[in-house]
Amino acid sequence: MAPGFSPGSFFPPAGKYVAGSCVVPFDRGYYGFLRLWDSATGQVTHDVPGSFNAGVFSSDGKWLVAGGLGRVAVYDPVTGQELHRLPVSEQHVWAVALTADRKTLATAQDQRIRLWDTGTWQEINPGSGHAEPVLAVAVAPNGRTIATGGLDGRLILWHWPAAGERQRIENIGGGFGIRQLAFYPDSRTVGAAAWINLGDTVFLFDEATGAPVSRFGREHQGRALAFAADGKEIVTGQPDGALGVWDAASGKWLRSVGHAPDAGWIDSLALSPGGKTIWWAGDYQGPGLRDLATGEDLRVFSGGSQSSPECVAVSPEGDWVALGGRVWDVKTGAVIAERRRSLAAISPDGRLLVTPGDGGVLFWEILTRQEIHRLNSGDVQALAFSPDGTVLVTSAYTEALVWDLTGRLQGGRLPATRLSHKEMESFWQMLAGQDAWAAHQAAWSLAAGGTAAVTFLAEHLRPAANPDPVQIAQLRSQFADPDYDVRERAARELLDLGLEVSPGERAALRRPQRQYSSAVYLPGQARGTPVVLGPPPVLLPLPDRVRPSRGVMALERSRSPSAETLLVTLADGAPAAPLTREARSALARVRQRY
């Protein structure tokens, strides 16, 4: 064996030629190539640059098929000319084999075997969907395309609601596969982020044809991916807590934004409403809110990442942010919900937080801070809502599952339903019920009721009035009441009016707790024993606010023109009232959607 050859690098000889993979050291590293020899004379006939792991001659000796890192190619042993190359970029090819008739080629790529027709060079029986776990899902803003990306390096674009495969793009991301997907704001381009050492990490494709648009990231590798609000720039997560900004059209590196050395790699990004700031989460820190112009971190919440990639999501109004199953109030920084999970998705109306757990998918209603439903979906690696909130897409190992959240979709749309007055009255009562999932289903039923249901809701929903100063004074005076329940209800009523509860008033809501030591004491019972006060309670809305809020949810989901008219009326109420704010947000989303 000549110097520089690695063991096992010779490929089975055929006839006149011998081939092998060669590695030669030089002053700055190693140079790899495929070498062919004349078996009779021992003379080198050809050298082909590249790293190769396997090779095979055809039975007639006219082809040499060689595979390695990111390459499977067919060569003419006589001339050394490359005759054909298969699309296996960024993947390791560990073995290749040809049938005796030379009609079929088998390649072992990463963890799977693929068969190719050598007459057309098309894959034989590529299978439906993914060959390995689905790691990323995304729904186009226009709602007509679902994208899935897997560990197999395959990006599939699916028709919705037809649920048929439309485009398949292979070999993205090498052994790590596709980690994140994102659509351009106008739905015309889909971006994929892949974790590749010393290779491009961002890939853009035309949504309609699947044709490559651009690829970049080799010089400034990033993991997470987000399109800027105007679609002209792409933001990626970088090492050492930095963000990278690229030109979306050319893939040109523009600038680095900010720096958070304790965060490690930035693994997840979510653009905040307005597009001037972005939420980030790193391996060891986050979530944080960064100004894209100045690079300044405006907020950084503690207790988020624990040395594992998590998904950061922000509500449509930007008033709360979730990292995995932990939710923060952006204004106060308080944790308003905590269910330790690695993923999270927020519904388009900001009412639901969805996380995987216990072999399924859990739904949490932010309004009431409670778990309201779960789906038995198996292990989940990715989540995404449709833009209209009618469906949730989850990964299920090698498949993507689409869940109808309305319970009534036909052809991907909410069909019109004729409701009796008795039925509408029943649904109205359900909106105030403690069964929040039933309340959401009731809202979908009213949304399907068309103009008649909107007319019914108009009889029950009124614009919020400015609060009476006398009423406010009476409520604030109740913080001196010795009954804790009276004080707590006063605080909840103030919040339901859109008013602030001062720190002193919140402190008045703290209740004495038992203190346990060698004996059990009630606080203050024994001399010298300090009174132990619990934290202020979570101030949930009263039923009188919950029902109108869910009524707005029904109006937003309705396609009746009269629903928008009623939202305009409700949006003209007292500016600080929660009902007014919710109606304004819903109205903005309705106008953007339609």
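The values are calculated or read from the model by the stated rules, or taken from the named source; none is laboratory data. Fair warning: this is a prediction, and the values are worked out from it, not measured in the lab. Cβ: placed from backbone, ideal geometry, glycine included. Neighbour counts: every protein chain shown.
When the stretch 441-455 is examined, which residues are found to be under 37 Å from the mean Cα position of the chain (by Cα) and either of a type outside the set (Gly, Ala, Ser) or in the same structural domain as Asp388 (by TED's automatic domain parsing) (or both)?
Gln441, Trp444, Leu446, Thr451, Val454
Could you grab me the full set of residues in the stretch 251-301 that are in contact with a strand residue (DSSP E or B) (Cβ under 6 Å, 6 or more places away or on another chain) and among the basic types (Lys, Arg)?
Result: Arg255, Arg290, Arg299.
Out of the residues in the stretch 34-68 meeting the condition of being closer than 17 Å to Ala95 by Cβ and among the hydroxyl-bearing types (Ser, Thr, Tyr), tell me which one is nearest to the chain's Cα centre (by Cα). Write out each step before concluding.
Applying the first criterion (closer than 17 Å to Ala95 by Cβ) to the stretch 34-68 yields 34, 50-58, 63-68.
Of the ones still in play, those that are also among the hydroxyl-bearing types (Ser, Thr, Tyr) are 51, 58.
Details: Ser51: 35, Ser58: 46 Å.
So the residue we want is Ser51.
Here is a check on your reading of the model: is Gly42 surrounded by fewer than 19 Cβ atoms within 10 Å (Cβ to Cβ), touching a His at 6+ places or on another chain (Cβ under 7 Å) and assigned to a loop (DSSP other than H, G, I, E, B)? Break it down stepwise before answering.
Values: surrounded by fewer than 19 Cβ atoms within 10 Å (Cβ to Cβ): yes; touching a His at 6+ places or on another chain (Cβ under 7 Å): no; assigned to a loop (DSSP other than H, G, I, E, B): yes.
Judged against the criteria, Gly42 is not a match.
What are the pairs, 6+ residues apart or on separate chains, where a residue within the stretch 93-115 that is modelled with pLDDT of 80 or more has its Cβ under 7 Å from a residue that is surrounded by 15 or more Cβ atoms within 10 Å (Cβ to Cβ) and among the basic types (Lys, Arg)?
Within 7 Å, the pairs are Thr107/Arg114.
Whether any residue in the stretch 225-237 is in contact with a helix residue (DSSP H, G or I) (Cβ under 6 Å, 6 or more places away or on another chain) and hydrophobic (A, V, I, L, M, F, W, C) is what I want to check. Outline the logic, then answer.
Residues of the stretch 225-237 that are in contact with a helix residue (DSSP H, G or I) (Cβ under 6 Å, 6 or more places away or on another chain), as a first pass: none.
Within the stretch 225-237, none of the residues are in contact with a helix residue (DSSP H, G or I) (Cβ under 6 Å, 6 or more places away or on another chain) and hydrophobic (A, V, I, L, M, F, W, C).
What is the one condition in (1) without any contact (Cβ under 8 Å) to a residue 40 or more places away in the chain; (2) touching a strand residue (DSSP E or B) at 6+ places or on another chain (Cβ under 7 Å) that Ser420 does not satisfy?
So Ser420 meets the others, but not (2).
Quick one: in the stretch 486-502, which of the residues that are more than 35 Å from the chain's Cα centre (by Cα) and of a type in the set (A, V, I, L, M) is nearest to Pro537 (Cα to Cα)?
Pass one, the stretch 486-502, residues more than 35 Å from the chain's Cα centre (by Cα): 486-491, 493-494, 502.
Subset that is of a type in the set (A, V, I, L, M): 486, 490-491, 494.
Numbers: Val486: 13, Ala490: 13, Ala491: 10, Leu494: 15 Å.
Step by step, filter the stretch 486-502, then rank; the result is Ala491.
Being buried (at least 23 other Cβ atoms within 10 Å of the Cβ), of a type outside the set (Lys, Arg) and in a strand (DSSP E or B) is the requirement here; does Ala193 meet it?
Spelling it out, Ala193 is indeed buried (at least 23 other Cβ atoms within 10 Å of the Cβ), of a type outside the set (Lys, Arg) and in a strand (DSSP E or B).
Condition first: over 17 Å from Leu446 (Cβ atoms), modelled with pLDDT under 95, outside the structural domain of Phe427 (by TED's automatic domain parsing) and surrounded by 16 or more Cβ atoms within 10 Å (Cβ to Cβ). Can you find one or more residues in the stretch 514-530 that meet it? Before you say what the answer is, go through the steps one by one.
Initially, the stretch 514-530 is screened for residues over 17 Å from Leu446 (Cβ atoms), giving 514-530.
Pick out the ones that are also modelled with pLDDT under 95 and you get 514-530.
Checking which are outside the structural domain of Phe427 (by TED's automatic domain parsing) leaves us with 514-530.
Remaining after also requiring surrounded by 16 or more Cβ atoms within 10 Å (Cβ to Cβ): 515.
So far as the stretch 514-530 goes, yes, one or more of its residues are over 17 Å from Leu446 (Cβ atoms), modelled with pLDDT under 95, outside the structural domain of Phe427 (by TED's automatic domain parsing) and surrounded by 16 or more Cβ atoms within 10 Å (Cβ to Cβ).
Scanning for something among the small types (Gly, Ala, Ser) and assigned to a strand (DSSP E or B), does the stretch 70-80 turn up at least one residue? Break it down stepwise before answering.
In the first step, residues of the stretch 70-80 are kept if they are among the small types (Gly, Ala, Ser); the result is 70, 73, 80.
Remaining after also requiring assigned to a strand (DSSP E or B): 73.
The answer is yes, given that some residue of the stretch 70-80 is among the small types (Gly, Ala, Ser) and assigned to a strand (DSSP E or B).
Can Thr398 be described as touching a His at 6+ places or on another chain (Cβ under 6 Å), buried (at least 16 other Cβ atoms within 10 Å of the Cβ), at negative phi and in the same structural domain as Val134 (by TED's automatic domain parsing)? It would help to see each step written out before you state the result.
Values: touching a His at 6+ places or on another chain (Cβ under 6 Å): yes; buried (at least 16 other Cβ atoms within 10 Å of the Cβ): yes; at negative phi: yes; in the same structural domain as Val134 (by TED's automatic domain parsing): yes.
Here the answer is yes, as Thr398 does meet what is asked.
I'd like to check something: does the stretch 118-129 contain any residue that is in contact with a strand residue (DSSP E or B) (Cβ under 8 Å, 6 or more places away or on another chain), in a loop (DSSP other than H, G, I, E, B) and surrounded by 22 or more Cβ atoms within 10 Å (Cβ to Cβ)?
Going residue by residue through the stretch 118-129, those that are in contact with a strand residue (DSSP E or B) (Cβ under 8 Å, 6 or more places away or on another chain) are 118, 121-126, 128-129.
Applying the additional criterion that residues be in a loop (DSSP other than H, G, I, E, B) yields 118, 121, 124-126, 128-129.
Narrowing further to those that are surrounded by 22 or more Cβ atoms within 10 Å (Cβ to Cβ): none.
Looking for residues that are in contact with a strand residue (DSSP E or B) (Cβ under 8 Å, 6 or more places away or on another chain), in a loop (DSSP other than H, G, I, E, B) and surrounded by 22 or more Cβ atoms within 10 Å (Cβ to Cβ), one finds none in the stretch 118-129, hence no.
Can you tell me which residues in the stretch 200-246 are in a strand (DSSP E or B), among the small types (Gly, Ala, Ser) and surrounded by fewer than 21 Cβ atoms within 10 Å (Cβ to Cβ)? Break it down into steps so the answer makes sense when it comes.
Residues of the stretch 200-246 in a strand (DSSP E or B): 202-206, 212-216, 225-227, 233-237, 243-246.
Still in the running and among the small types (Gly, Ala, Ser): 214, 226, 237, 244.
Matches in the stretch 200-246: Ser214 only.
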